[in-house]
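The values are calculated or read from the model by the stated rules, or taken from the named source; none is laboratory data. Not measured: the values here are computed from a predicted model. Virtual Cβ from ideal backbone geometry, glycine too; neighbours counted across all protein chains shown. Keep in mind that these areas ignore ligands, DNA and RNA; they rest on the heavy atoms of the full protein, side chains included. Shrake-Rupley method; radii C 1.70, N 1.55, O 1.52, S 1.80 Å.
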Amino acid sequence: MEIRPMRSWIHHSRGEVLRQAGVGRQDLVGIYEDMITRQGFEGRDAYLYRRNEPVKFKRIEGSAAYLDLDGKLLEPTDLAFADGGQLKLFYNPDVSIWVSRRSENMTYTARNADGDELYFVHEGTGVFYTEFGPIPYEPGDYVLLPKGVSYRIRPAGPVNYFLIVESAEEIGFADIGPIGRRAPFDPALLYVPSPELDELGDGRNETGEWPVRLKYDGQYSTVFYDFDPIDAVGWKGDLFPFKINIRDFRPITSDRIHLQPTAHSIFATRSYIVGNLLPRPIEAAPGVEPVPAYHRNVDMDEFVFVHGGTALGLEAPAASLSFLPRGLHHGLPEEIMEQIRKTVKPGDYIDMEFIFVDTARPLLATQEALASKRQQHYLKGKK
Ligand SMILES: [Fe+2]
């Protein structure tokens, strides 16, 4: 048995600071709490108490800037065409983020040899028809398709919206510490498919062949069959697709201290984490606020997708996508915090359903992502 190493107790305080970081922040007069953290929020950190809000910079020149995308403007080719595909938005050598808005059954079978694909279902219902068996989908599902697994998506209706995380490294579940094996979700709730072949006849092109669109090193090749390549009548092993819904994730919370977003991680590799900020009670203890301090998460870039709900009572348009580069301060400006303090009270149940991806290597945006950029972040438009 391996015991986790103890955390360092070697911390210093200099000058004016809060006695307990993160507690009593709203009582500071003309001083703003700000943190700089390594390894996400798990490494060495420091809190700085500043005279100005660090997010109030006047302008940025250069590429390290926030991006806020209106996901409703994105038009992957699978929105209009059954033989279309998903749209790449952000990428680095470890992970890429895509959107699919597939409106019809696929006329090909997909197989990704570049990495695992983690689909998050934002809108729509239907079935992932995989060679391990069908996986029905609904909003809030994460559907994990391991690298190389063949599948076809069969939407039940024309309106579907998927956020896709493609991972070069195998995706596993995040380890968020000694909280027991059934928290924050019971692994027995994974939906694992059984073979159930049907004769729906989808997955064929105009000439009646069954093409398999193979993604290899970022390029697409097509392998043609005279039979449906999804034809397995059985499988056994420890490699398989599965799904789990966000309703089965029970957030870890504390009444007396706001936990960092990493406490809400669900999937991880060595190079990024995927997490979800989900409905939960707001911290009720005096002096505790329901958001992190201003921060620079300097070893990671942060990406956020709005699935549903509000940002602590403030409107957050569904399918918004935000990118927050490392090194640049972010956090809610004081005027927005004032609105939140009026809107939500300690102990209220917040309704946010946000999905986040924090990456160790810098994420680059594609031209298609930049083309759907909002001029003003959705929260900053609120007064
Ligand atoms: Fe952040």
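Among the residues of segment 300-316, is there at least one that is in a loop (DSSP other than H, G, I, E, B), aliphatic (A, V, I, L, M) and within 10 Å of the ligand (Cβ to nearest atom)? Reasoning before the result, please.
Going residue by residue through segment 300-316, those that are in a loop (DSSP other than H, G, I, E, B) are 300, 309-310, 312-313, 315-316.
Adding the requirement that they be aliphatic (A, V, I, L, M) leaves 300, 312, 316.
Checking the rest, the ones that are also within 10 Å of the ligand (Cβ to nearest atom) come to 300.
The answer is yes, given that some residue of segment 300-316 is in a loop (DSSP other than H, G, I, E, B), aliphatic (A, V, I, L, M) and within 10 Å of the ligand (Cβ to nearest atom).
ASP68 passes all but one of (1) within 30 Å of GLY287 (Cα to Cα); (2) within 26 Å of the chain's Cα centre (by Cα); which number fails?
The single condition ASP68 does not satisfy is (1).
Could you tell me whether any residue of segment 371-383 is open to solvent by 20 Å² or more (accessible area, probe 1.4 Å), under 29 Å from ARG247 (Cβ atoms), in contact with an Asp or Glu (Cβ under 6 Å, 6 or more places away or on another chain) and at pLDDT below 95?
yes
Of all residues in segment 240-287, count the ones that are assigned to a strand (DSSP E or B) and either surrounded by fewer than 15 Cβ atoms within 10 Å (Cβ to Cβ) or among the hydrophobic types (A, V, I, L, M, F, W, C) (or both). Before the answer, list the steps.
Initial filter on segment 240-287 (assigned to a strand (DSSP E or B)): 242-245, 265-268, 272-277, 280-281.
Those still in the list that are either surrounded by fewer than 15 Cβ atoms within 10 Å (Cβ to Cβ) or among the hydrophobic types (A, V, I, L, M, F, W, C) (or both) too: 242, 244, 266-268, 273-274, 277, 281.
Selection size over segment 240-287: 9.
When you go through (1) open to solvent by less than 60 Å² (accessible area, probe 1.4 Å); (2) not in a loop (DSSP other than H, G, I, E, B) one by one for ALA188, which number turns out not to apply?
(1)
Taking segment 13-41 only, how many residues are closer than 17 Å to PRO261 by Cβ and surrounded by fewer than 16 Cβ atoms within 10 Å (Cβ to Cβ)?
2
In the list TYR272, TYR225, which residue meets the criterion of being touching a Ser or Thr at 6+ places or on another chain (Cβ under 7 Å) and either away from the ligand (no atom under 16 Å from the Cβ) or in contact (Cβ under 8 Å) with a residue 40 or more places away in the chain (or both)?
TYR272 is the lone residue from the list that is touching a Ser or Thr at 6+ places or on another chain (Cβ under 7 Å) and either away from the ligand (no atom under 16 Å from the Cβ) or in contact (Cβ under 8 Å) with a residue 40 or more places away in the chain (or both).
What number of residues within segment 215-239 satisfy the criterion of being open to solvent by 50 Å² or more (accessible area, probe 1.4 Å) and either outside any loop (DSSP other than H, G, I, E, B) or within 27 Å of ILE97 (Cα to Cα) (or both)?
So the count comes out to 11.
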